Number of protein chains: 2
Amino acid sequence: MTLIPGIDFDAELRLVDAHWTPRVVGKVNDQYIKVAKLLGELVWHAHDAEDEMFIVISGRLRIQLPDHQEVVLTPGQFFVVPRGVQHNPVADEEVHIVLIETVTTAHTGDVIVEGTVPVEQQLGKMAAQ
Amino acid sequence: MTLIPGIDFDAELRLVDAHWTPRVVGKVNDQYIKVAKLLGELVWHAHDAEDEMFIVISGRLRIQLPDHQEVVLTPGQFFVVPRGVQHNPVADEEVHIVLIETVTTAHTGDVIVEGTVPVEQQLGKMAAQ
């Protein structure tokens, strides 16, 4: 019997040392599975053609949406931001998340800011596979 | 400010009353997000064209693979069974999981058994959306 270890979200998150820098840890069909640490806020943006799934592992994440709507996620909860919808994730404390999104999804969607991390950089060791 | 609640995996799992009966709780791009309760084992099967992601929420899941390989998953861990690979999930105790798989993925893939649950039935209330 050969035992294959599962992939542990917390262990993968320990390898992340910068906020707002997603790290690809797997792939299911045409979607990347990523982990990220968030603190503060990034930027309002949208992904025209791609939904984006946020799962909270630790902490409390607010996702600001148009028309003064806001989603609040705690550990074990998820939300899918539909394609084309402007959103702004805000972490008042450090939040650990899993992101599931299409392999082509750009980090900050339709805007480029100083903190934008290209998908190639998010791939890290996965790029070689 | 309008607050939109996140979707809570545990709350969704409380609505599941049968083992091996996935329940669709969301959709991200072309993938369904499902929750399921497992106990015992289902059947060896494969999905020819679709990867299948297992995330464990509670309990300990074994996924038997060809050539006497086995994945063991505990809470906070995941594994993606690649397309075309025969697998047999085994839950020696009750296990709660999240499944992420293409909307077209058949429950028991290339085999049909008494416990096979068609995707239409997995959809439940989501079918009306």
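So what is the accessible area of segment B:16-129 per residue, in Å², with the probe set to 1.4 Å?
Working: 4760 Å² over 114 residues.
For segment B:16-129, the solvent-accessible area averages 42 Å² per residue.
Using modelled backbone amide H atoms (1.01 Å from N, in-plane), which distant-in-sequence or interchain residues come within less than 5 Å of B:E41's amide H?
Excluding prolines and chain starts, which carry no amide H, the hits are B:A91.
As an exercise, use a Förster radius of 41 Å and the Cβ-Cβ distance of B:D48 and B:A11 to find the FRET efficiency, rounded to the nearest 0.05.
Numbers: r = 34 Å, r/R0 = 0.83.
Once rounded, the FRET efficiency stands at 0.75.
Counting only protein heavy atoms and a 1.4 Å probe, tell me what percentage of the protein assembly as shown's accessible area is made up of carbon and sulfur. Numbers along the way, then the final one.
Details: 6200 of 11570 Å².
Answer for the protein assembly as shown is 54 percent, counting heavy atoms of protein chains only.
Using a Förster distance of 25 angstrom, determine the FRET efficiency expected from the C-beta separation of A:M1 and A:Q121, and round it to 0.05.
Working: r = 38 Å, r/R0 = 1.52.
So, using R0 = 25 Å, E works out to roughly 0.05.
Check the protein assembly as shown and count each lysine pair with an alpha-carbon distance under 28 angstrom, considering only pairs eight or more places apart or from different chains.
16
5 Å is the cut-off here: which amide hydrogens, built 1.01 Å from N in the peptide plane, fall below it relative to B:V28, excluding neighbours closer than 5 in sequence?
Residues meeting the amide H criterion: B:I33.
Go ahead and set up a Gaussian network model of chain A, Cα springs under 10 Å, then flag whichever of A:I112, A:I57, A:I100 fluctuates most.
Judging by the Gaussian network model, the answer is A:I112.
Please give the calculated 222 nm ellipticity per residue for chain A, where each DSSP H segment of at least 4 residues contributes -39500 (n - 2.57) and the sum is spread over every residue; nearest 500 deg cm²/dmol?
Numbers: 2 runs with 11 residues, N = 129.
-2000 deg cm²/dmol, from helical runs alone.
Which of B:P89, B:P22, B:P66 ends up with the largest GNM mean-square fluctuation for chain B, with Cα atoms connected below 10 Å?
Result: B:P66 has the largest fluctuation of those listed.
Just the number, please: buried accessible area between A and B, total of both chains, 1.4 angstrom probe, nearest 100 square angstrom.
Values: alone 7310 and 7320 Å², together 11570 Å².
Between A and B, the summed buried area is about 3100 Å².
Which of these, A:L15, A:L73, A:L39, has the largest mean-square fluctuation under a Gaussian network model of chain A (Cα springs below 10 Å)?
Per the Cα network of chain A with a 10 Å cutoff, A:L15 tops the list.
Can you give the Kirkwood hydrodynamic radius for segment A:9-128, in Å, rounded to one decimal and based on Cα pairs? Can you show the working numbers first?
On the way: mean 1/r = 0.0704 Å⁻¹.
Its Kirkwood hydrodynamic radius stands at 14.2 Å.
Once you have a ≥ b ≥ c as the square roots of the Cα gyration tensor eigenvalues for the protein assembly as shown, tell me rounded if a/c is under 1.5, and otherwise prolate or oblate according to whether a/b is larger than b/c. Numbers along the way, then the final one.
On the way: a/c = 1.81, a/b = 1.48, b/c = 1.22.
Prolate.
The values are calculated or read from the model by the stated rules, or taken from the named source; none is laboratory data. These numbers come from a predicted model, not from an experiment. Quick reminder, even Gly has a Cβ in these numbers, built from the backbone with ideal geometry, and neighbours come from all protein chains shown. Areas reflect the complete protein model, heavy atoms only, side chains present, ligands, DNA and RNA absent. Shrake-Rupley method; radii C 1.70, N 1.55, O 1.52, S 1.80 Å.
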